[in-house]
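Single-structure report; data block below.
The values are calculated or read from the model by the stated rules, or taken from the named source; none is laboratory data. Keep in mind that what you see is a predicted model, and the values were worked out from it rather than measured. Methodologically, a virtual Cβ is constructed for each residue, glycine included, from the backbone with ideal geometry; neighbour enumeration extends over all protein chains shown. Accessible surface areas use protein heavy atoms only, side chains included; no ligands, DNA or RNA. Shrake-Rupley method; radii C 1.70, N 1.55, O 1.52, S 1.80 Å.
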Amino acid sequence: MSLLAEPDSSAVTVRAAAKINLYLGVGRAREDGFHPLETVYQAIGLYDDVTVTDAPEWSVHTAADAGIDLAAVPDGDANIAVRAGRALTAHHDLGLTARIQIHKGIPVAGGMAGGSADAAATLVALDRLWGLETSDDDLLAIAARLGSDVPFALIGGTALGSGRGELVTPVADATELWWVVVPHPVGLPTPGVYRHFDVLAERGAIVATEPRVPPDLLDALAAGESEALGPLLANDLAAPAYDLRPDLSELRGRLEAVGSDAVLLSGSGPTHLMLFDDVERARAAAADLIEADIVHWLAPGPVAGCHVIDLL
Ligand code: C5P
């Protein structure tokens, strides 16, 4: 039997959403340097679109929505989307190559797993382009090897994450949330924030206990109690991120003054999130941010994981 079923099309575009962490509990570094996590992921409505076409060699080309800086997006093999393509062809023992075109709507180095979204979308797009019919379990395993957030980018919605973040289980979520997303022009690379978490833990400035998602958060999500969520959100990477970047604390203060159900640092930062349980309140806050000249986007959550949006 050939793995190469009749190709469906000559170009496939897959959409992948940004992730946020409603709760991010982090423990002390493991032997392998990664940190044990318990997290609640949510996919929200900012998207990267990845288009793949057959080509004689691997290449990656990037474009972006206004307000997104592409300077930090790596080229060639350093780009996780190319690594995803190579991992998929290696899994099937195929010598195929493709051109990968990424249109970014997710901030780069923003703590919203944009690179992971691109990797996940590339896996799904190439699988469809070449008719590989890779099983979900195999896609999730390939995704986990590419990066801790890549499996969640495949499934989207709201999910519990454990291990180093790569073990994902969907959770019941009856809420309809609105997030005002406030990017920052200066990115914050994730490894440095985790390293600083260890520095602060060694100094005794933070106490790193075994991470545990509060059951009340999962109950509130399942019951659709959006108004109860605010005080239940937390991020253990906030302390090291603000310690590294005091300018972010100042921005946070300005966002808190606008008013919302919660202000949260997204993952390792520097993007901030303002939570609303109602779109009218979110729009009113967005209007205040326009007045204050603070760049932002409005995004619903939860939204779907990777899905095909165009076939040519
Ligand atoms: O898994 P991923 O490649 O996305 O992780 C990027 C970096 O973030 C890792 O190299 C590591 O420094 C840090 N990290 C960590 N613990 C995790 C996830 C990521 O220390 N659970």
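Taking the condition of being of a type outside the set (A, V, I, L, M, F, W, C) and either at positive phi or buried (at least 19 other Cβ atoms within 10 Å of the Cβ) (or both), how many residues in segment 36-73 meet it? Can you show your working first?
Just the residues of segment 36-73 that are of a type outside the set (A, V, I, L, M, F, W, C), to begin with: 36, 38-39, 41-42, 45, 47-49, 51, 53-54, 56-57, 59, 61-62, 65, 67, 69.
Now restrict to residues that are either at positive phi or buried (at least 19 other Cβ atoms within 10 Å of the Cβ) (or both): 38-39, 41-42, 47-49, 51, 62, 67.
Residues that pass the stated criteria total 10.
Of the helices (runs of 4 or more DSSP H) lying entirely inside segment 189-279, those carrying at least 2 residues that are more than 14 Å from the ligand (Cβ to nearest atom) and either in contact with a strand residue (DSSP E or B) (Cβ under 9 Å, 6 or more places away or on another chain) or in contact (Cβ under 8 Å) with a residue 24 or more places away in the chain (or both) are 215-223, 238-244, 246-258. In the set (1) under 14 Å from L265 (Cα atoms); (2) at pLDDT 95 or above, H184 fails one condition alone, (2).
Give all pairs with beta carbons closer than 6 Å in which a residue from segment 139-163 that is open to solvent by 20 Å² or more (accessible area, probe 1.4 Å) and among the hydroxyl-bearing types (S, T, Y) meets a residue that is in a loop (DSSP other than H, G, I, E, B) and within 14 Å of the ligand (Cβ to nearest atom); count only pairs at least 6 apart in sequence or on separate chains. Here the result reads S148/R164; S148/G165; S148/E166, each pair linking segment 139-163 to a residue that is in a loop (DSSP other than H, G, I, E, B) and within 14 Å of the ligand (Cβ to nearest atom). A84 falls short on exactly one of the conditions (1) outside any helix (DSSP H, G or I); (2) under 30 Å from A172 (Cα atoms), and that condition is (1).
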